[in-house]
Amino acid sequence: MKEKVSGMSRGNVIAADAMPYPLDNHAPQAVGYHALLGQLWDGWSVARLKDLFGEPRETMAGLRCWEVGAGVGGQFAVWLAGRVGRDGFVLATDRQVRDIPALANLAVVEHDLTGDREYPGWPGGFDLIHVRLVLQYLPQRRRILSRLADRLAPGGWLLVEDWVTTPAVEMVVSSVSEQDAALYVRVQQALSNVFAEAGTDHSWGGQVYPALLAEDLTTVGTQMCGQVWPAGGPGCRLVAGTIAQARDRLRAAGITVKELDRVGELLTRDDPGFALAGHLMHSTSGCRPPG
Ligand SMILES: C[S@@+](CC[C@H](N)C(=O)[O-])C[C@H]1O[C@@H](n2cnc3c(N)ncnc32)[C@H](O)[C@@H]1O
């Protein structure tokens, strides 16, 4: 399968430290972090594909798909490979590939969206390109979106899923202690700054709809998924994982070790009395006109 994908070769990857995405797939916490992403949003993304293709088991057979920024374990790419079957094909790419199993119909390739290298292609184009929680982090997101849209087959779908992050001051929807709530807001604000300084656009999810129209895609539509994340649940544990991975940068921003430890405790202990308004997922799709 792999040799059919054009524009791909290994060994031409820009050094990770030159990249804006502030997390590291090779960090020890990354495995758990990516598992939580799947727990929170794979079901939602599957429902979005059902909107586009009908019941996936029947209608996705034979599709040629590209899972962009597939993440550690590549669980969504693996799910897609199960749906497209032997006649279909999935390409999973990421800047830092880790633990994505290569299967008969799943090719795994290291590819940096911000590099100069030609983007992967498939003769006739891809029927589905799915990119979730990747573009919001990359300052070149608009240009990348354009290059992805170029890779669609006639009638193919681009599905872009990104957050509009909840402002720090609105995040705590429940806390017994006002002091804990204020501490959380301060840490969350510092975390948002760390990401913004690295190039993240916290409002990007809401900008995708007009961006897909500008790419001349049709049937453009957005659905949103919002949840309250109770302490101890996957949403709060995801935030705790992000804070743990950004610990040094948060320390440099003036958050103390004691404060970081307290916030870690608040987020991970089972306590529905502490809860956050999770970031709103905007899931936007557009279709390359057939013919
Ligand atoms: C938040 S994770 C999302 C993973 C997966 N898409 C999901 O939703 O579960 C962001 C992923 O984008 C990848 N990524 C970041 N910058 C990238 C780049 N320049 N090119 C390709 N992948 C990139 C990261 O390595 C990471 O795996």
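Numbers at a glance
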| quantity | calculated |
| --- | --- |
| Any hit, the stretch 59-76, residues being touching a Gly at 6+ places or on another chain (Cβ under 8 Å), at pLDDT 95 or above and among the polar types (S, T, N, Q) | yes |
| Some residue of the stretch 44-53 being surrounded by fewer than 19 Cβ atoms within 10 Å (Cβ to Cβ), closer than 24 Å to P234 by Cβ and within 12 Å of the ligand (Cβ to nearest atom) | yes |
| I129 being surrounded by 22 or more Cβ atoms within 10 Å (Cβ to Cβ), part of a loop (DSSP other than H, G, I, E, B) and either among the β-branched types (V, I, T) or more than 11 Å from the ligand (Cβ to nearest atom) (or both) | no |
| Whichever residue in the stretch 77-95 is closer than 30 Å to A27 by Cα and in contact with a helix residue (DSSP H, G or I) (Cβ under 6 Å, 6 or more places away or on another chain) and, among such residues, is surrounded by the fewest Cβ atoms within 10 Å (Cβ to Cβ) | A92 |
| S9, sole failed condition from (1) loosely packed, with under 15 Cβ neighbours inside 10 Å; (2) touching a helix residue (DSSP H, G or I) at 6+ places or on another chain (Cβ under 7 Å); (3) at pLDDT below 90; (4) under 22 Å from V134 (Cα atoms) | (2) |
| Flag for P56 being modelled with pLDDT under 75, on the phi < 0 side of the Ramachandran plot and surrounded by 15 or more Cβ atoms within 10 Å (Cβ to Cβ) | yes |
| Single unsatisfied condition, T114 versus (1) part of a helix (DSSP H, G or I); (2) within 8 Å of the ligand (Cβ to nearest atom) | (1) |
| Close pairs (8 angstrom Cβ cut-off, 6 or more residues apart or separate chains): without any contact (Cβ under 8 Å) to a residue 24 or more places away in the chain in the stretch 79-108, away from the ligand (no atom under 16 Å from the Cβ) and part of a loop (DSSP other than H, G, I, E, B) anywhere | R86/A104; R86/N105 |
| The stretch 83-108, residues that are out of contact with any Lys or Arg (no Cβ under 7 Å at 6 or more places or on another chain), within 16 Å of the ligand (Cβ to nearest atom) and part of a strand (DSSP E or B) | V90, L91, A92, T93, D94, L106, V108 |
| Any chance G71 is surrounded by 15 or more Cβ atoms within 10 Å (Cβ to Cβ), in a loop (DSSP other than H, G, I, E, B) and at positive phi | yes |
| Single residue of A27, A61 found to be more than 16 Å from the chain's Cα centre (by Cα) and either closer than 18 Å to G155 by Cβ or more than 12 Å from the ligand (Cβ to nearest atom) (or both) | A61 |
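The values are calculated or read from the model by the stated rules, or taken from the named source; none is laboratory data. Small disclaimer: the values here were computed from a predicted structure and weren't measured. Reconstructed Cβ throughout: ideal geometry from the backbone, glycine too, with neighbour counts over all protein chains shown.
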